[in-house]
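> Below you'll find the structure I mean.
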Amino acid sequence: MAVRLRISKSDALVSGGTVHMISAVSDTTLELRPLDGSSDLLCLSHADVKHMIDECKAVIEYGYFSSAQAARRALAGSSIISRMSAAEKAQAFRKQLYVECFLQAEKNGDVSRSNDPCVAFLPELATRVETRLLDQIRVGGDAAELGKLLSMHSPGRTALMSWVRKWEKTRDPMCFIKKSRFNGANAKRVSSQVESIIQTAIKTYLHPNRVNVPRVAEEANRLIRALNTSLALDDQLPEQEVSERTVRRRIEDLNQFETCAAREGVAKAKNKFGPYGQGLEIEAPLQRIEMDEWQIDLLAFLEHAGIDVSEPRFDELRTGRFWICAAIDAATRVILAIKVARTPNVETALATLWLAMRNKSEISRQLGCKKNWSQHGHVFNVVVDNGAAFVNPDFKAALSDLGIGYEVLPAGVPKLRGRIERIFRTFGTMLMPYLTARTFGNPQERGDYPADQNVVHTADSIVELMVRFVVDAYHHRPHRGLEYATPADTWDRLMGLYGYCPAKTPHVLRHFLGIPLQRQLGRHGVLVCGIAYTSRDLAAFFQRRGSQQIDLRLDPEDMGYLSAWFDDAWHTIPAGLQNARGVSLSVWDATIRDLRRSNKAAARLHIEVVDAALERIKQIDDHQRAWRQIGPLTVSAKDIRRAEHESFYGLSFASVPGEVVNEHPAIGTASLTGTLSDIAESNGPASTGTPPASDDLDQSQLSDGSQPEWRFSDEDEQE
């Protein structure tokens, strides 16, 4: 089938950091014009553009030139809600809640925007908002942050109308974030005279005498007191003295490389350092996605769900019922994702959303399906109920930052989300009758059936059953809601009619949906599970800002790349080990554990054996890898920290005799560019501890354009 992308002139194609406008769209070609005018008009076929997207060389920014996206960029630049504090997110969504309740009341005729009716309605509006907040707390929301919102004063008419006008312009929660957050006003609440004095005092900090920060603050306050003496003579109000923290913030904003060079010398410094515009008309695939959770009507063993039930206190918990989180496309009734979980939570909801935008053909093949589970793409709108996972600020922030529309429908009205509710009934009537230990929908239906005495299924068997039923049975059965066409055929037909909507690249999805981590930035980059991740941009940031904790996002199914937050944006950082690309965290962990067991007497792992073991385990891991992406063994940040202490602590590799190491590797890659054996040194065992002084970067070398060598040591960065 010929490829045709679903793209319009309001979208943009970003390639190589350049934004391209869509000048014209035909059935076979796209005309692109660079926004910065760096080249002439480009004409590419739909297939060529899709090939660029599949290779992560380009990405479609849906609605980039729409008024809402333009307003957001003008207000917040590259800022995203996911990076804000829990209090800021709660405040923004509180204002959104007030606006939505007001607009709903206005639609119902309960209030108007005139002064007297609006003021009279404010107490009732506060009551409705409080009820919504209490409902969110009751279903398991963040009680601490939501409780704070309950104690806040309700807004007056002026503030409320201001919120309503902002919301109607953009329909984006970013409009409720304080503008001072983006212009720096919060950080500089001092007069221009005091600011000048602080900058003068900071010059004493940039001196080889290495004056400490408290002494700099004292010098700044001495100058302020001298200024106040002059102001008193002119009958002017005195300036307030500044705190040590104020001075410290100014110093932290300085270029760290230049600061270190001024205080400790140049040699030391070298050594250290978007909603779919057409609304919710469900005509095209992926235009409206419904998500919900369902407790499976089946008793199963819990040991395979990652729960240790060996202790006596778990005797009554050896069996139980799993939950599934599912996402269904409203237009085609295709099930885009299923995630099995022990209990519903926001991590499972985010993993389901991630899976919906991934191609799952390999999963279906490894689990023995006869058909491919290839349906995926960019989701435009997500419709959910008031479940705790779906009203969580992290879930809403991820949707907003990915440009996905979000709508919460009232609880207790299942017909508003009839498609996802009906699919759970389908599971109960078409799949559950064939399974032993079925619990039925209620005690009346179950009768005297002893489900607890017939438990045979585990998490892995449930995953295989669900996937096979969805891919081979449900997707290829006539569906009454589709005029007796099958969901798979309807998907293919509508894709040909409306065009394919590629999902964002795996790197972008990892930025917002990956497992959150924090690691210390060092000369090696960042170290996660014994693998060093670094790049030119990260090395340059370290040179400017020095060692510090940075936020990371990890895809547990691909250890080859990592997302790192610095310079107010997410960056993709490659692994130094080329063999890590495409390797899951469980494979990497199993490789190291297996080799440690077989090499207990060795001080270090022999890297040739590691390479061979890794290749062997990757070959036999395919089935479990597919099961794991659907199953309940969701990897968390806590699991990764535990694995680092148990499996990867003190990880180092023996040298390979006769290996030749490149003399000038690229910045931020060092020798970690091939297989595991590439990290060995050519003249003896791998070094540990602090690198020798010969690793210092020379300024003349940088100016000549040669590449400095960045050395790596796992032992230095272990927690």
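> Take the solvent-accessible surface of the protein heavy atoms, probe 1.4 Å, and return the percent of it on the range 190-255 that carbon and sulfur atoms account for.
On the way: 2030 of 4130 Å².
Roughly 49 percent of what the probe reaches on the range 190-255 is carbon or sulfur.
> Sorted by accessible area with a 1.4 angstrom probe, largest first, how do Asp11, Asp489, Asp460, Asp27 fall?
Working: Asp11 15, Asp489 95, Asp460 55, Asp27 115 Å².
Result of the area sort, largest leading: Asp27, Asp489, Asp460, Asp11.
> Summing +1 for each Lys or Arg and -1 for each Asp or Glu, what net charge is found among the other residues whose Cβ lies under 13 Å from the Cβ of Glu421? Intermediate values should be presented prior to the final figure.
Numbers: positive: Arg333, Lys415, Arg417, Arg419, Arg422, Arg425; negative: Glu290, Asp292, Glu293, Asp385.
Overall, the nearby charge balance is +2.
> Something else about it: How large is ³J(HN,Hα) for each residue in the range 237-252, as worked out from phi by the Karplus curve 6.51 cos²θ - 1.76 cosθ + 1.60 (θ = phi - 60°), to whole Hz, x for Gly and Pro?
Taking θ as phi minus 60°, the curve returns 5, x, 8, 7, 5, 9, 8, 4, 5, 4, 5, 5, 5, 5, 5, 5 Hz for the range 237-252.
> Given R₀ = 25 Å, what would the calculated FRET efficiency be for Ser196 paired with Asp568, taking r from the Cβ atoms and rounding to 0.05? List each step's numbers first, then the result.
Numbers: r = 27 Å, r/R0 = 1.08.
So, using R0 = 25 Å, E works out to roughly 0.40.
> Treating only the Cα positions of the range 480-521 as identical point scatterers, give the base-10 log of I(q)/I(0) from the Debye formula at each q in 0.13, 0.25, 0.27, 0.34 Å⁻¹.
Treating every Cα as an identical point scatterer, log10 I(q)/I(0) equals -0.54, -0.87, -0.91, -1.09.
> Please list the non-local residues whose amide H lies under 5 Å from the amide H of Tyr500, H modeled 1.01 Å from N, same-chain partners needing a gap of 5 or more.
Distant-sequence amide H within range of Tyr500: Arg4, Leu5, Arg6.
> Among residues other than Arg33 whose Cβ falls under 14 Å from its Cβ, what is the net charge (Lys/Arg +1, Asp/Glu -1)?
Working: positive: Lys9; negative: Asp11, Glu31, Asp36, Asp40.
Net local charge, Arg33 excluded: -3.
> Can you give the extra length, in nm with one decimal, that the chain gains between Val19 and Asp116 once fully stretched, where that is 0.36 nm per residue apart less the Cα-Cα distance? Each step should come with its number before you reach the end.
Working: separation 97, 0.36 × 97 = 34.92 nm, distance 4.88 nm.
Net length gain for the segment: 30.0 nm.
> Quick one: Karplus J couplings for the range 60-66, per residue in order, coefficients 6.51, -1.76, 1.60, θ = phi - 60°, nearest Hz, x for Gly and Pro?
Karplus-based 3J(HN,Hα) across the range 60-66 equals 8, 9, 5, x, 4, 9, 6 Hz.
> Net charge near Ala485: determine it from the other residues with C-beta under 12 Å of the C-beta of Ala485, scoring Lys and Arg +1 and Asp and Glu -1.
Once positives and negatives cancel, what remains is +1.
> Determine the order of Arg171, Arg132 by accessible area, beginning with the largest, at a probe radius of 1.4 Å. If you can, show how the numbers build up before the last one.
Working: Arg171 130, Arg132 95 Å².
Greatest to least solvent exposure: Arg171, Arg132.
> Another question, then. So if each residue of separation counts as 0.36 nm, and I subtract the Cα-Cα distance between Arg33 and Glu218, what length gain in nm does that give? Could the numbers behind the result be given before it?
Numbers: separation 185, 0.36 × 185 = 66.60 nm, distance 5.64 nm.
Roughly 61.0 nm would be gained on extension.
The values are calculated or read from the model by the stated rules, or taken from the named source; none is laboratory data. Computed from a prediction, not measured in an experiment: that's the story for all the values here. Positions of Cβ are backbone-derived with ideal geometry, glycine not excepted, and every protein chain shown enters the neighbour counts. These accessible areas exclude ligands, DNA and RNA; they are computed on the full protein's heavy atoms, side chains included. Shrake-Rupley method; radii C 1.70, N 1.55, O 1.52, S 1.80 Å.
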